[in-house]
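Below is one structure, written out as structure tokens; comments come after it.
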Ligand code: 13P
Ligand code: SF4
């Protein structure tokens, strides 16, 4: 039996669902039951009837699924697939920051550990961060962690001053404005779509600032033939599959997240065969983190 058939068979036997982020390699996205951005996948994880969730993404995403679906078995096919940005703030650092700003509300990007979410008032993703911040009382200071770039973008969109933690995504920071400009010269008339995790210099020259899910939804609204994509290049697979008549080019060859690329079809198969690697969160941390995640999902149930 070939690998794809074996995965389908095991999925049935185990009553499993496969969720894959838009940055996964093409074959993994193709085998998934759902692909999407962080918000879309969180919602899928909270709604599925399956007993097992195979999460093709990075550790914080599987952890989020485990928090939202405590009765399900959540598997991450590669246990070392982490997110360097999520590790740029830990619980001790956030506790110290909160002590310095006791009146502040904490808004935490889902790209964070369960312990950090547990100390937060709200979670957000790149597709709903501005809506979450807009829903907060105007007289409360806001601490935004861990991504300073997403935080600065949200400040610009909402007009709210926020205290930003100096974290960043290495993959998006590697996308340089010079590379974007060079692509614009090569493809005159192309539309530049950039992720809000990009640097201020890239955000300033982009035509649209969108989460990965929003990028997928944006294309039919535009008449452009060519799009320059300033985010992790895995999304080009999905874009090209959904819109075969349009052209999608990478803003930079360096826009690769090594952690997102650690999962392969073989690892998905082994994960289902061996029921590995199980991601769990202790119930006291999960209960606190769930509140922050649920507040996010309630504010904007489907901003995708
Ligand atoms: P979104 O898919 O929510 O846009 O997230 C981007 C990202 O960097 C996930 O790690
Ligand atoms: Fe983390 Fe950036 Fe990779 Fe997303 S693309 S998982 S934010 S390092």
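The values are calculated or read from the model by the stated rules, or taken from the named source; none is laboratory data. These numbers come from a predicted model, not from an experiment. Cβ atoms come from the backbone with ideal geometry, glycine included; neighbour counts cover every protein chain shown.
Take residue 264 and decide whether it is more than 16 Å from ligand 1 (Cβ to nearest atom), free of Cβ contacts under 8 Å to residues at least 12 places away in the same chain and out of contact with any strand residue (DSSP E or B) (no Cβ under 9 Å at 6 or more places or on another chain).
Taking the combined requirement at face value, the residue does not satisfy it.
Modelled with pLDDT under 95 and over 21 Å from residue 35 (Cα atoms): does that describe residue 203?
Criteria not met by residue 203.
Among the candidates 64, 108, single out the residue that is surrounded by 24 or more Cβ atoms within 10 Å (Cβ to Cβ), farther than 22 Å from residue 268 by Cα and touching a residue at least 12 places away in the same chain (Cβ under 8 Å).
108
Considering only residues that are part of a helix (DSSP H, G or I) and buried (at least 17 other Cβ atoms within 10 Å of the Cβ), which ones fall in segment 164-183?
171, 172, 177, 179, 180, 183
Say whether the condition of being more than 17 Å from the chain's Cα centre (by Cα) and closer than 24 Å to residue 279 by Cα is met by at least one residue in segment 126-142.
no
Looking at segment 176-191, is at least one residue touching a helix residue (DSSP H, G or I) at 6+ places or on another chain (Cβ under 6 Å), within 16 Å of ligand 1 (Cβ to nearest atom) and in contact (Cβ under 8 Å) with a residue 12 or more places away in the chain?
no
Would you check which residues across segment 207-236 are away from ligand 1 (no atom under 14 Å from the Cβ) and modelled with pLDDT under 95 and list them?
Once the filter is applied, which keeps residues that are away from ligand 1 (no atom under 14 Å from the Cβ) and modelled with pLDDT under 95, segment 207-236 yields nothing.
Looking at segment 71-92, which of its residues are without any contact (Cβ under 8 Å) to a residue 40 or more places away in the chain and more than 16 Å from ligand 1 (Cβ to nearest atom)?
Hits for segment 71-92 are 71, 72, 90, 91, 92.
Within the group 271, 252, which residue is surrounded by 21 or more Cβ atoms within 10 Å (Cβ to Cβ), over 30 Å from residue 116 (Cα atoms) and in contact (Cβ under 8 Å) with a residue 60 or more places away in the chain?
Answer to the selection: 252.
Would you tally the residues in segment 65-101 being closer than 23 Å to residue 276 by Cα and out of contact with any strand residue (DSSP E or B) (no Cβ under 8 Å at 6 or more places or on another chain)?
13
Out of all the residues in segment 137-152, which are in contact with a helix residue (DSSP H, G or I) (Cβ under 9 Å, 6 or more places away or on another chain) and closer than 13 Å to residue 107 by Cβ?
142, 143, 144, 145, 146, 147, 150, 151, listed by residue number.
What number of residues in segment 133-163 are in a loop (DSSP other than H, G, I, E, B), over 22 Å from residue 298 (Cβ atoms) and touching a residue at least 40 places away in the same chain (Cβ under 8 Å)?
Qualifying residue count for the region: 2.
Mind listing whichever residues of segment 224-250 are in a strand (DSSP E or B) and within 16 Å of ligand 2 (Cβ to nearest atom)?
Within segment 224-250, 229, 230, 250 meet the criteria.
Check whether at least one residue in segment 194-206 is more than 16 Å from ligand 1 (Cβ to nearest atom) and assigned to a loop (DSSP other than H, G, I, E, B), and report yes or no.
There is no residue in segment 194-206 that is more than 16 Å from ligand 1 (Cβ to nearest atom) and assigned to a loop (DSSP other than H, G, I, E, B).
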